[in-house]
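Just below is one structure, and these are the notes that go with it.
The values are calculated or read from the model by the stated rules, or taken from the named source; none is laboratory data. What you see is a predicted model; the values in this text were computed from it and never measured. When we count neighbours, we look across all protein chains shown, and the Cβ atoms used for this are built from the backbone with ideal geometry, even at glycine. Accessible surface is based on the protein model in full, side chains and every heavy atom, while ligands, DNA and RNA are left aside. Shrake-Rupley method; radii C 1.70, N 1.55, O 1.52, S 1.80 Å.
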Amino acid sequence: MTKLSWLITVCAGVLATGCTAPDFDLPRASEAEPRTTSTWSSYGGKGGRKFAALDAITRDNVSELELAWTYKTGDVETVFQATPVLIDGRLLFCTQHNKVVALDPLTGGELWTLDPEIASDLRPANEFNCRAVTPWSPVPNKPDACPSRVFMATNDARLLAFSFVDGRRCPGFGENGEVNLAEGVGPIYWSGEYQITSPPAVAGELVIVGSAISDGNRLEAPSGVVRAFNARSGALVWAFDLAPPDFDYENGPVSRDGYALGTPNVWAPMSVDAERDLVFLPTGNPSPDYYRSGPIDMAHYGSAVVALKASTGEVVWHFNTVIRDFWDFDVPSQPVLAEFEINGERVAAVVQATKMGHIFVLDRETGEPLIDVAYREVPRHGPLADELSPVQPFPPAAFQVSRTYETGGSLLGLCDATDEVSVAGPVFTPITEQWTIGLPSNMGATNWGGVSVDERRGLIVVNTNSVPFRTKIFARADAKDLLDVLTDADRSADERRAARQQLSDRFDLPPGVELAPQYGVDYLMARHVYLDDTLGIPCVGTPLAEIMVIDVNQQEQVWRRPHGTLREVTFVPLEWGAPGMGGSLVTQTGLVFIGAAAEKRVRAYDVDTGAELWQHVIPFPANATPMTYTVSTEAGDVPFVVVAAGGDARGGIGGEGDYLVAFTLPREL
């Protein structure tokens, strides 16, 4: 088929298809009160498994799910990735600007709101974002002016404590109910370089917080320190800065409070095993991402799962998912705590999804792999040859879920010419001064949505993206003349614009490329998502996104299928998969609920077969993770599935929205 005939087919499809979407701008409910409900007391549910032990919605009736209520926050931004929590009959979630909303879980009516008043001139490096809040119920019989509270960490680096009864700040916690998290982490060059986007963890009487730090900016970036605060007073209890065990604090770069600079950070959600007094950290890579050299190696705890003793912050074990990461393969999602039957023995595990699409299953107490890991030789060449590890860890084939890039495989051959002047190779192909195509890429085969786990069935549900990037590094010395102009505040806008164009011409930088200065090292980094110039579709060919199930005990992929369609681009539901962010929800009745696609749809699949059992239009793509609960009424328990539908304007698909959408089964009122 020629390009022209393909486009004609698409256009014909536009005329031949069409549907009327439901009205999502429903009147706001006037009835609002706390209810008697099931619970969903943390971002990922118990153990981060995103599993619901509820039985009201089944394979037989899921097709009857219908719109129950919607809530518009009025807070519109680039992304909306929130997952609500449900505690004491109140449904709580946070918006992109850290506004907290408490709703009646039955009607969607508003109970209260809290606005921490994020500065309007904040420029967050990782978008305005808030994935969840964290409820905490203290030990009984200890008097407290704010006995049941919620914690939220903010884009402007504050830790807030407030009552989930009415949203009032908790007196006695820090100053006016908040702690300044920017204090002591080192110089922050601009407002937003250091932020928090994921929910804190709670362990006993402690609240534990990580951070999100600007990628690729400088060698001595703010410390990635993880800190635990007293959940009542806000007093610092312990800090772990992720510096290597042999780090020289006397002579190495440290902050005013003594935390090592440029260390890995923990931007994704953490998990807590209260029984074992363990907190599990998914770590990022050191700064800057794509080039480091010299005597100080901050990668010891980088791109790893690190288990700490939750009460003290002492390291118990760590497992590097990447050894010396130079690909921005930071661990992007919450470690999942589950028990599996492996080789006839019931074992406590940590399941960690990664950007490489490698799913690791580790012993929760020791960090040793429960599913074999092989350390294989990988390429080493280019400017980073001496810094790269000669081997990297690989799980068995069933636990490798990413596609690999094959040149010449783009739709209609639209990327063939660029393929010919680029390097393409397997995962861990070194980034050099030549454009290198990465798949999996820094976007990740999996990202912050992670996986959901049905430990009773021994199943891991994984949704993946296949979005390649092209990346290169180039020597700072070769660009010094132009960088001097770009960083000189006295130069005119025209001069800086001309220098930027010359930089693009000299180093073959296409329009829209992301340029990371990586101050303090010898190389800059450039990268861009690899799309064709005609249709704007990823160059990898289809499927562009998939969903699958892995059987842990059998060590096999049970099923795998494209997830989502390109109807938002082509206007016809071509089942090629639609990339997106977010995670899945699995239920004990064998259902998988998921949005996580650049498409205005939410779906339910059969966990055993992969059959699609239900889909529903939503106002914007659901780049978030669904949750579920039941509400007790006089007529019986009423089930709900709730998801944030806000799109993701970064990809140019779906726009920016502010909806929380709830679905339920038909019932008599």
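Observations on the model:
- Extension gain, D60 back to E420 (0.36 nm per residue minus Cα-Cα distance, nm): 124.5 nm
- Taken along the Cα-to-beta-carbon direction at a fixed 7 Å, the label points for D386 and D277 span 4.5 nm.
- If R0 is 51 Å, the Cβ-Cβ spacing of T487 and S137 corresponds to a FRET efficiency of close to 0.50.
- Stretchable slack from S632 to L236, in nm (0.36 nm times residue separation minus alpha-carbon distance): 138.5 nm
- Each listed q (0.11, 0.12, 0.14 Å⁻¹) maps to a log10 I(q)/I(0) for the stretch 531-669 from the Debye sum over equal C-alpha point scatterers, namely -0.44, -0.52, -0.69.
- Both radii are taken from the alpha-carbon atoms of the stretch 373-526; with Rh as the Kirkwood radius, Rg/Rh is 1.06.
- Carbon + sulfur, % of accessible area of the chain - ligands and nucleic acids excluded, 1.4 Å: 48
- Per residue, the solvent-accessible area of the stretch 479-584 (1.4 Å probe, heavy atoms of protein chains only, all protein chains present) comes to 46 Å².
- Amide N proximity, the stretch 542-558 versus V347 label position 7 Å along Cα-to-Cβ, cut-off under 16 Å: 551-556
- For the stretch 474-597, the percent of C-alpha pairs falling in each 5 Å distance bin, counted from 0 to the bin holding the largest distance, reads 2, 8, 13, 14, 11, 9, 9, 10, 10, 7, 4, 2, 1, 0.
- Once divided by 2.2 N^0.38 Å, the Cα radius of gyration of the chain becomes 0.93.
- Packing around the peptides 58-69, 556-567, 218-229, taken as the average count of other Cβ atoms within 10 Å per residue, puts them in this order, highest first: 218-229, 556-567, 58-69.
- The stretch 278-399: radius of gyration over Cα atoms, expressed as a fraction of 2.2 N^0.38 Å: 1.10
- Potential lengthening of the chain between D522 and S120 amounts to 141.2 nm, from the contour at 0.36 nm per residue minus the alpha-carbon distance.
- For the stretch 195-220 and the stretch 462-514, distance of Cα centres in Å: 29
- For the stretch 61-155, the equivalent ellipsoid built from the Cα gyration tensor has semi-axes of 23, 23, 12 Å, listed from largest to smallest.
- Using bins of 5 Å that start at zero, the share of Cα-Cα pairs per bin across the stretch 402-443 amounts to 5, 25, 30, 26, 13, 2, in whole %.
- Summed residue charge, Cβ within 12 Å of P282's Cβ, Lys/Arg positive, Asp/Glu negative: 0
- Under the criterion of Cα pairs below 8 Å and six or more residues apart, the relative contact order for the chain equals 14 percent.
- Long-range amide H partners of G657 with built H, under 5 Å: E77, G647
- Measuring spread by the Cα atoms of the stretch 19-99 yields a radius of gyration and Dmax of 15.1, 40 Å.
- Counted charge near V361, where neighbours are those whose Cβ lies closer than 11 Å (Asp, Glu -1; Lys, Arg +1): -2
- Protection proxy ranking of 500-508, 283-291, 46-54, 428-436 - average other beta-carbon atoms within 10 Å, highest first: 283-291, 46-54, 428-436, 500-508
- Per residue solvent-accessible surface (Å²) - the stretch 409-453, probe of 1.4 Å: 28
- Calculated log₁₀ intensity ratio I(q)/I(0) where the Debye formula runs over C-alpha points of the stretch 609-669, q = 0.18, 0.19 Å⁻¹: -0.76, -0.81
- The average projected area of the stretch 477-528, computed from the convex hull of its Cα atoms over all directions, is 3.7 nm².
- Hull-based mean projected area of the stretch 185-310, where the convex hull spans the alpha carbons, in square nanometres: 7.7
- Given charges at Cβ of Lys, Arg, Asp, Glu: the chain dipole, positive-most of L26, Y259, T534: L26
- For W559, the residues whose amide H sits under 5 Å from its own are V549, ignoring neighbours fewer than 5 places away on the same chain, with H placed 1.01 Å from N.
- Using the Cα coordinates of the stretch 94-236, the gyration tensor eigenvalues translate into equivalent-ellipsoid semi-axes of 26, 19, 12 Å, sorted from longest to shortest.
- Virtual paramagnetic centre 7 Å along Cα→Cβ of E110, amide N under 15 Å, in the stretch 152-177: 167
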